[in-house]
Amino acid sequence: MDAGYNPRTVEEVFRDYKGRRAGLTRALTTDVEDFFRQCDPEKENLCLYGFPNEHWEVNLPAEEVPPELPEPALGINFARDGMQEKDWLSMVAVHSDAWLLSVAFYFGARFGFDKNDRKRLFGMINELPTVFDVVSGKNKTKTPSNNNHSNSKSKSHNKMQKTSEPRAKQPKPQMKDEDREDDAPDAGEDGGAVAGGGGEEHGETFCGACGENYGQDEFWIGCDICEKWYHGKCVKITPAKAEHIKQYKCPSCLGTNGSSGSNKRARPSS
């Protein structure tokens with residue numbers, strides 16, 4: 001097909017692409033009844049061709065091997081009656097998009113397009129909706145309005161405000177020895193500040209991963225589910241990464257879909 005037509009520049013190849021794309025799009029939209037009729041499953045393997053003059057044709061594949069140009073998908077007619085019409089047209093559209101790109105970059109390779117030429121060609125092609133976008137209606141999808149964007153942004157901001165309090169991302173202040181001694185009897189008397197089975201006692205906080213206690217200038221992060229504390233390095237969380245976490249779940253809670261045991265402890269004050 002089109003053996004005598006050889007676009008040689010980026011602009012010429014792009015015009016060729018647009019013409020073929022227009023023909024294929026018309027076959028699958030405005031001329032869809034005629035296209036459907038021509039794709040008779042009782043016939044031989046049929047292909048859908050698009051031409052630079054914006055025409056289309058359903059025909060047998062090229063006889064020469066290898067063909068002058070890349071060939072479109074073979075046997076599109078066989079699936080016509082075995083699928084919903086919308087799904088079948090979408091399938092043909094996807095294969096048509098792949099064929100259009102293969103033809104365009106065939107010309108690019110044949111006539112020695114360099115890296116910048118290929119990049120520019122793809123950029124021009126990428127500005128157009130694909131055949132699949134047109135057939136499926138995706139190119140008509142409305143973008144969210146500014147009000148919706150503002151509302152979602154506000155909700156996201158409010159959520160971050162709510163979750164920022166329980167998520168401590170800064171290093172916890174180191175407790176002085178006299179503070180630990182003063183706090184230890186109180187914790188033992190009321191019993192509400194220490195969790196059972198967590199490796200903590202006398203007001204000290206231990207990492208839920210390595211079991212070590214808090215060290216000066218170390219970054220810690222608290223789980224919003226089980227309220228255990230972890231060295232950032234033990235759970236591979238950096239202060240910068242923590243700034244983007246709305247709700248932190250430790251590895252244990254992730255492994256149990258967010259469920260936690262009955263024993264919980266209050267978070268150490270910041």
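All of the numbers you see were taken from the coordinates with simple rules; none came from a lab. Quick caveat, the model's predicted, so the values are computed rather than measured. All Cβ positions, glycine included, derive from the backbone under ideal geometry; neighbour counts span all protein chains shown.
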Distance in nm between pseudo-label sites at residue 126 and residue 245 (7 Å out along the Cβ direction from Cα) = 3.3 nm
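Assuming R0 = 51 Å, can you tell me the calculated FRET efficiency for the pair residue 83 and residue 210, based on Cβ-Cβ distance, to the nearest 0.05?
0.35
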key: Residues whose placed amide H lies under 5 Å from that of residue 74, excluding near-sequence neighbours   = none
ask   = Taking amide H positions as placed 1.01 Å from N in the peptide plane, with prolines and chain starts having none, which residues 5 or more places from residue 205, or on another chain, fall under 5 Å of its amide H?
value = 214
remark   = Residue span residue 115 to residue 8: 0.36 nm per residue of separation minus Cα-Cα distance leaves a gain in nm of 37.0 nm
key: When each of 43/138; 18/138; 43/86; 18/115 is checked by Cα-Cα distance, pairs over 29 Å   = 43/138
note = For segment 1-116, the Kirkwood Rh over every pair of distinct alpha carbons, in Å, works out to 14.7 Å
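Where does the charge balance sit around residue 27 when Lys and Arg score +1, Asp and Glu -1, over other residues with C-beta under 10 Å from its C-beta?
-2
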remark   = Any residue on another chain or 5+ positions along whose placed amide H is under 5 Å from the amide H of residue 220 is listed here as 172, 232
key: Distance in nm between pseudo-label sites at residue 65 and residue 53 (7 Å out along the Cβ direction from Cα)   = 3.1 nm
